[in-house]
Amino acid sequence: MNGQYDVIVVGVGTMGAATCAYLAHKGVHVLGLEQHTIPNDLASHSGYTRIIRKAYYEHPDYVPLLQRSYELWQQLQWKVGTTLYHETGILYLGHQTSPVLQGCLDSSHLYNIPVEQWSRAKTKDRFPQFHYPEQNWISLWEPEAGYLDVHESITSFYKTALDDGAEIHEHEHIMEWHQHDDTITIQTDKSTYLTKKVIFTTGAWTQKILPSLISSLKVTRQTLAWQEMPDNAKYTHPHFPCWFLHDPEKGMYYGFPDADIKDKNEPFGIKIALHVQGDEVSPGQMDRSVHIEDEAIIQHFNEQYLPEAIHAPKNYKTCMYTNTPDEHFIIDYLPQSNSQVIIACGFSGHGFKFAPVIGEVLGQMAMGEKLTLDINFLRLNRFKL
């Protein structure tokens, strides 16, 4: 069957589901197309939990987007009547010269975000599980932070979009698309659709659909681990927080307490990962087996900083980062598309927390409205395409 829509959203993962929800709420006739199930464990939102925080070391211009995102997550919780955001606070650990910790302090000062610098004695009193060097290391505490339930969040966007009139198809692959004058035609393996506006939130598959961006995106394989601690009660909130630890050799480790997630398939234990780009992969052919190198990365952390986990049973999963050269998002109109083709990609492993505000921004762009937040630092013109 053929259909005509005001807006078509291609890729109903994290950002696509949020965008469909926003547009449907505004009364837009929107179609969402997703090649897998919603949600699924094959894309960048694999892993069940994601950290959310405000003192953003990556770039201070993200903070206004985060502040709005916090508001929208709260609204979504009220609407669906379930808890999506779990406030645990975040502990940051690292050398006093760490650009990560300094970036957190800079953002906190610029936007008056509560961040405390703790003494070593206070850190050890609150969270004695961590072991870290005594000389020249500092700790920061951001109380208004925690984690989001990934699958429950995406399902909430999906259900609210449907309730507000969106049409969303699972297991439908886009084969090709083209723009002629002011009409965009999308051909899938099941049908042909026409629209005036299309939004591509296609994650790791963006390079295949928009080859003009191939030089600006790199998809990498990432490994996550869950560790079953011997005394589990010590590693649940409030006894154990979300955390970031900047290791001078490996980079930024991050983790979660044993989380209260509704997904019955979630691995048991505390979650840990290393936030650096892994090996470059093709999204449809990624190796999802566990390698010795993956285990060594986790074991390095345990040996240096969390000794009770050295012999803990471990479960591993993989996901993908879609990285831009500067690790900042891409949100823009596709050049020479007359503002009818919108792209949102390159979330580089730190995008999930922004989902509702990205959905709002993309919806405003599709509807031709004035943006309520500044995203100029995320535009395509920072790259030479």
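The values are calculated or read from the model by the stated rules, or taken from the named source; none is laboratory data. In this text, all values refer to a predicted model and were calculated from it rather than measured experimentally. Here the Cβ is made from the backbone with ideal geometry for all residues, glycine too, and neighbour counts use every protein chain on show. To get the accessible areas, we keep the full protein, side chains included, count just its heavy atoms, and leave off ligands, DNA and RNA. Shrake-Rupley method; radii C 1.70, N 1.55, O 1.52, S 1.80 Å.
For the range 46-65, indicate whether the set of residues that are over 14 Å from the mean Cα position of the chain (by Cα), of a type in the set (G, A, S) and more than 14 Å from D149 (Cα to Cα) is non-empty. Scanning the range 46-65, I find at least one residue that is over 14 Å from the mean Cα position of the chain (by Cα), of a type in the set (G, A, S) and more than 14 Å from D149 (Cα to Cα), so the answer is yes.
With respect to the conditions (1) at pLDDT 90 or above; (2) more than 24 Å from A55 (Cα to Cα); (3) surrounded by 19 or more Cβ atoms within 10 Å (Cβ to Cβ), P283 lacks only one, and its number is (1). Within the range 183-227, the set of residues being modelled with pLDDT of 95 or more and not in a strand (DSSP E or B) comprises D189, K190, S191, T201, T202. Looking only at the range 135-182, residues that are assigned to a strand (DSSP E or B) and among the aliphatic types (A, V, I, L, M) come to 6 in all. Can you tell me how many residues within the range 42-81 are within 22 Å of Y253 (Cα to Cα) and free of Cβ contacts under 8 Å to residues at least 24 places away in the same chain? Selection size over the range 42-81: 0. Which condition does S69 not pass, out of (1) of a type outside the set (F, W, Y); (2) out of contact with any helix residue (DSSP H, G or I) (no Cβ under 8 Å at 6 or more places or on another chain); (3) under 23 Å from L373 (Cα atoms), if it passes all the others? The single condition S69 does not satisfy is (2).
In the range 261-278, the residues that are assigned to a loop (DSSP other than H, G, I, E, B) form Cβ pairs under 6 Å with partners that are among the basic types (K, R), at six or more places apart or across chains, as follows: G278/R221.
For the range 1-65, which strands (runs of 3 or more DSSP E) that fit wholly inside it have 2 or more residues that are of a type in the set (S, T, N, Q) and either surrounded by 19 or more Cβ atoms within 10 Å (Cβ to Cβ) or in contact with a strand residue (DSSP E or B) (Cβ under 6 Å, 6 or more places away or on another chain) (or both)?
2-10
Out of curiosity, is F347 at pLDDT 95 or above, among the aromatic types (F, W, Y) and buried (at least 19 other Cβ atoms within 10 Å of the Cβ)? No. Screening W205 with (1) in contact with an Asp or Glu (Cβ under 9 Å, 6 or more places away or on another chain); (2) closer than 30 Å to L334 by Cβ; (3) open to solvent by 20 Å² or more (accessible area, probe 1.4 Å) gives one miss only, at (1). Among what's in the range 296-332 and is of a type in the set (F, W, Y) and outside any strand (DSSP E or B), pick the residue that is farthest from S215 (Cα to Cα). Selected residue: Y305.
Restricting L42, L72, L23 to residues that are within 16 Å of E170 (Cα to Cα) and among the aliphatic types (A, V, I, L, M) narrows the list to L42. The residues listed here are L101, L105; of these, the one that is at pLDDT 95 or above, surrounded by 19 or more Cβ atoms within 10 Å (Cβ to Cβ) and either hydrophobic (A, V, I, L, M, F, W, C) or not in a loop (DSSP other than H, G, I, E, B) (or both) is L101.
Every listed requirement among (1) aliphatic (A, V, I, L, M); (2) touching a helix residue (DSSP H, G or I) at 6+ places or on another chain (Cβ under 9 Å); (3) farther than 12 Å from L65 by Cα is met by M365 save one, (2). Residues in the range 231-273 that are open to solvent by 20 Å² or more (accessible area, probe 1.4 Å), within 23 Å of A204 (Cβ to Cβ) and modelled with pLDDT of 90 or more: Y254 only.
Any chance the range 324-332 includes a residue that's within 23 Å of G47 (Cβ to Cβ), open to solvent by 50 Å² or more (accessible area, probe 1.4 Å) and not small (G, A, S)? The answer is yes; a qualifying residue exists.
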